[in-house]
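Only one structure is covered here, and it is reproduced in the block below.
The values are calculated or read from the model by the stated rules, or taken from the named source; none is laboratory data. For clarity, every value in this text was computed on a predicted model and none was experimentally measured. Cβ sites come from the backbone with ideal geometry, for glycine too, and all protein chains shown count toward neighbours.
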Ligand SMILES: [Zn+2]
């Protein structure tokens, strides 16, 4: 039995039971999805979405797309190599006879090849889940209106037009369409301008029209690549940022010379990694938000470890990897390296830190 088969065997109620075991609070439920607090990284905000049809989770704070095994691993703090522990935990909680599947016996737990096979199956399933492009006509319901806030924050109207940024007057949200490399519409995100919504659900939320969510494939794309691929391939380098907004800001700064794409999270998915390999770049610059107040804080150490584990270690065997790290306090807390304008970004890039290979 593969992890995929185990996952398919889990009913929604099984998944609910596991989430409750992990202390989840259910903030929202309908026929298609649930929203709970982000137990995947012991967060408190209701930003962990579960989609019943795909059986996939999405943590909009930091973890990105996950399956139930990833959620358990995050909650229990298991490393990638301890994948089988998550399977065991699930089997015990749901009274699934784990010996039957070969996960329970000690000699099999220590058999790494055996475990790897399961890991691979699980990853492959996420990667190859086919993207269904959405009908671009959905965008016609929105208005071509551009918020002054974003202009103030260094995003030109030209950039917003280029990226098809729109506005929903009825939801009071900035609408950000996500296109893949072939300019197919693969997702839509809304950025709320209503304070209560931001408080409850965070700044960015997946966009819902009727019962349909337009958010399934954010981790299966590099936002902005449809516009910036030529420059990336010409320069043989790419800069990874967290959010769409940073791609817009760098577009306004550099125009056709922009080599920035957004991960739409702070994790690099295997899919995104394979896209980087395909692009043939030599250097990857990691430019995530400044998720720490001071350089000597535990928060800073934790953030550095996160970036190392979730991004750098996945890349350092293939690319020259550098990180933008705000050592001279030019950015504010939670700022993106692009938030303080071109001069600051260029200074940060000048002082980027090259990180060694992964061994
Ligand atoms: Zn999370």
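Does any residue of the stretch 67-85 turn out to be under 18 Å from the mean Cα position of the chain (by Cα) and surrounded by fewer than 17 Cβ atoms within 10 Å (Cβ to Cβ)?
Yes, there is a match, as at least one residue in the stretch 67-85 is under 18 Å from the mean Cα position of the chain (by Cα) and surrounded by fewer than 17 Cβ atoms within 10 Å (Cβ to Cβ).
Among (1) touching a residue at least 24 places away in the same chain (Cβ under 8 Å); (2) surrounded by 16 or more Cβ atoms within 10 Å (Cβ to Cβ); (3) touching a helix residue (DSSP H, G or I) at 6+ places or on another chain (Cβ under 9 Å); (4) over 22 Å from residue 228 (Cβ atoms), there is one condition residue 323 misses while meeting the rest; what is its number?
All conditions are met except number (4).
Of the numbered conditions (1) free of Cβ contacts under 8 Å to residues at least 24 places away in the same chain; (2) closer than 28 Å to residue 187 by Cβ; (3) loosely packed, with under 14 Cβ neighbours inside 10 Å, residue 303 satisfies every one except a single condition; which is it?
(3)
Which of the residues spanning the stretch 173-218 are modelled with pLDDT of 70 or more and more than 27 Å from residue 229 (Cβ to Cβ)? Break it down stepwise before answering.
In the first step, residues of the stretch 173-218 are kept if they are modelled with pLDDT of 70 or more; the result is 173-194, 218.
Once the filter is applied, which keeps residues that are modelled with pLDDT of 70 or more and more than 27 Å from residue 229 (Cβ to Cβ), the stretch 173-218 yields 173, 192, 193, 194.
With respect to residue 276, is the statement that it is over 19 Å from the mean Cα position of the chain (by Cα) and outside the structural domain of residue 189 (by TED's automatic domain parsing) true?
When the stated conditions are applied, residue 276 does not pass them.
Does any residue of the stretch 242-260 turn out to be in a loop (DSSP other than H, G, I, E, B), out of contact with any helix residue (DSSP H, G or I) (no Cβ under 8 Å at 6 or more places or on another chain) and within 26 Å of residue 161 (Cβ to Cβ)?
The answer is yes; a qualifying residue exists.
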